[in-house]
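This report concerns only the one structure given below.
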Amino acid sequence: MEFVTYEVQDRVGIITINREKALNALNSQVLDELNEAFDGVDQGEIRCLILTGAGEKSFVAGADIGEMSNLTKAEGEAFGKKGNDLFRKIETFPIPVIAAVNGFALGGGCEISMSCDIRICSETAVFGQPEVGLGITPGFGGTQRLARLVSPGMAKQLIYTARNIKADEAYRIGLVNQVVKAEVNEAGEVTVSAKDALMAAALKMAKGIAANAPIAVRNCKKAINDGLQTDMDKAIVIEEKLFGDCFETEDQKAGMANFLEKDKEKKLKVVPFKNK
Ligand code: CAA
């Protein structure tokens, strides 16, 4: 693949959008390659994914404006569907996906981060939906996910004004879970860059998730996602089924046996989790 790289560290997969010259903007090829990268993830082996952008400056600076500039109405709609199909695949991917937002997350960049389960960002990150300034609406789920993630009023304000916000404001409104700062020594010199600190924090979180029972983690993702789409009476039934599904698994048996043995050493041991 030309614009997407994939590497594995322990049981964590790292997908990097690597089109740095265009600030990792999403053209059709990048969308196709991302699709391919997600399809290629070994779901038996990998327990958490990190999605990030190459370089220090940008996570994703949006959908490719050059590619969109001459689209017809029908082509515009088809381009929106292409992005939406991929982002929905990410949102419903069985394994948790952490967006490590290392800079600009504008338009389609903010939108792809919102299709991930968790967003953590560097202190240099900038979020926004600048589309109305370009004469279009957000087209890769921004009108839907931003309103659900923050609040309808805040989403409308950000989208109508096309105002970019910095990491601290994104944190304040609940768009990101964590902001990671560069490490600085007593002399004020940067010892760990914001990007490196971000990736270390993302990996730490991902490895923490990967150490837990994979069936339980996947079922939690499904329960939360599916439950949010329906009313509470149906939502708790979804939870009951996914809760029940965890029983009789090796993880459930070993996890509970470890606790009941009351052996402090053993209790703290990581259960050798299996998928079945
Ligand atoms: N599409 C295509 N190319 C882009 C791009 C985009 N979204 N964003 C940046 N680039 C390219 C620039 O054209 C430039 O290329 P050249 O070197 O060949 O000229 C390169 O990346 C570097 O960009 P800048 O020179 O502009 O860098 P800067 O530091 O001066 O500014 C920026 C950075 C503020 C992010 C600015 O690039 C910018 O505003 N980019 C566009 C952001 C945007 O509007 N995104 C929304 C797109 S619409 C969308 O996403 C629709 C949707 O919902 C599906």
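What the table shows:
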| item | result |
| --- | --- |
| Accessible surface of the chain, 1.4 Å probe, proportion on carbon and sulfur as whole % | 55 |
| Note, ³J(HN,Hα) from phi for the range 54-69, Karplus 6.51, -1.76, 1.60, rounded to Hz, x at Gly and Pro | 6, x, 9, 9, 9, 7, 8, 8, x, 5, 6, 5, x, 5, 7, 4 |
| Positive-end residue of Ala187, Ile224, Phe59, charge dipole of the chain with Cβ unit charges | Ile224 |
| Degrees between helix 214-228 axis and first principal axis of the chain (Cα, 0 to 90, nearest 10) | 50 |
| Arg119 long-range amide H proximity, modeled H, under 5 Å | Ala99, Asn177 |
| Per-residue [θ]222 nm for the chain (sum of -39500 (n - 2.57) over DSSP H runs n ≥ 4, rounded to 500) | -14000 deg cm²/dmol |
| Filtered trypsin sites (Lys or Arg not before Pro), the range 76-165: DSSP coil and at most 16 other beta carbons within 10 Å | Arg163 |
| Local net charge near Lys82, Cβ-Cβ under 12 Å (Lys/Arg +1, Asp/Glu -1) | -3 |
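The values are calculated or read from the model by the stated rules, or taken from the named source; none is laboratory data. Since we're looking at a predicted model, the values are computed, not measured. No Cβ is skipped: glycine too gets one built from the backbone with ideal geometry, and neighbour counts run over all protein chains shown. Each accessible area value is taken on the protein alone, full model and side chains, heavy atoms only, with ligands, DNA and RNA left out. Shrake-Rupley method; radii C 1.70, N 1.55, O 1.52, S 1.80 Å.
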